[in-house]
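For reference, the structure is listed below as structure tokens.
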Amino acid sequence: MKVLIAYHSDYGSTEKMAKAIAAGMRSSVPETQIELKQAGNTAPNDLLGADVIVFGTPVHMGSMAWQMKKLIDESASLWMENALQGKVGGVFVSGGGFGGAGGGAELTMAGLHANFLEHGMLVVGFPKSTLGYAEGGLHWGAYARSGNHEGMPAGISDSQLTAARSYGAHLIEVAERLFD
Ligand SMILES: Cc1cc2nc3c(=O)[nH]c(=O)nc-3n(C[C@H](O)[C@H](O)[C@H](O)COP(=O)(O)O)c2cc1C
């Protein structure tokens, strides 16, 4: 199974989640081939070789970072060719979360899902029975809050990274069931 995890991260929180998701995949299915790439260094053709595509972004003003959107828009030619149809997709997001209402994390995840669904991909969510869901899960994917209640950066917690690992394991297990 080949996995591409394409993400944007300015300050490292989303990148930590990307690495945790990869670790969760490897712990569940050790032979998984995983490529981690910043969205800015990812070309549309990089998506072609993956069975599983995972997109991650910080929340920026209630939606995805422009670097992620740029990759998505540049991949429109793949839509013309139905080239991503049937691949498995998963998403993860980190946000400051000021105000306790998520700061747009769910909207951001839904935006990433919309892209996968446009391509005819199969989207894998984060079921609430999965280990870690209560700390770092939203039904749409893995979420980590990096801000504190004063709206200042505080970093993401170990339990949120555990949730991201768990989401990675879940994603690869679903993909294995689908493709094997
Ligand atoms: C330009 C900008 C806009 C942001 N907008 C939001 C927002 O709308 N909602 C939110 O929860 N956090 C927002 N944040 C906070 C980031 O999403 C948060 O710090 C995130 O964890 C950063 O991830 P990174 O360390 O991978 O860059 C914003 C940060 C920046 C730089």
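When a/c reaches 1.5 or more, the comparison of a/b and b/c decides; with that in mind, is the stretch 13-114 rounded, prolate or oblate per its Cα gyration tensor? Walk me through the numbers on the way to the answer.
Values: a/c = 1.99, a/b = 1.21, b/c = 1.64.
Here the stretch 13-114 falls in the oblate category.
What shape does the stretch 25-69 take by its C-alpha gyration tensor, where a ≥ b ≥ c are the square roots of the eigenvalues and a/c under 1.5 counts as rounded, a/b above b/c as prolate, and the rest as oblate? Don't skip to the end; give the middle numbers.
On the way: a/c = 3.05, a/b = 1.67, b/c = 1.83.
Oblate.
Measure out, as a whole number of angstrom, how far apart the alpha-carbon centroids of the stretch 134-180 and the stretch 72-126 sit. Using only Cα atoms, the two centres lie 15 Å from each other.
Candidate cross-link partners of K37 among the lysines, defined by an alpha-carbon separation under 22 Å and a same-chain spacing of 8 or more, comprise K2, K16, K19, K69, K70, K87.
Helices in the chain that qualify as membrane-span-like (whole DSSP H runs, Cα extent of at least 30 Å along the helix axis, mean Kyte-Doolittle hydropathy of -0.5 or higher) are 158-179.
Beta-bridge orientation, the stretch 2-179: approximately 15 percent antiparallel, per DSSP, counting only bridges with both partners inside. Amide H contacts for G141 (H built 1.01 Å from N in the peptide plane; partners 5 or more residues away or on another chain; cut-off under 5 Å): F126. Backbone amide hydrogens, once placed in the peptide plane, bring M121 within less than 5 Å of G86, excluding anything fewer than 5 places away on its chain.
How would the chain be classified by its alpha-carbon gyration tensor: rounded, prolate or oblate, with rounded meaning a/c under 1.5 and the a/b versus b/c comparison settling the rest?
On the way: a/c = 1.77, a/b = 1.27, b/c = 1.39.
Judged from the Cα gyration tensor, the chain comes out oblate (a/c at least 1.5, b/c at or above a/b).
Taken together, the values in this text are just the output of simple stated rules run on the coordinates, not laboratory data. Worth saying up front: this structure is predicted, and the values here are computed from it rather than measured.
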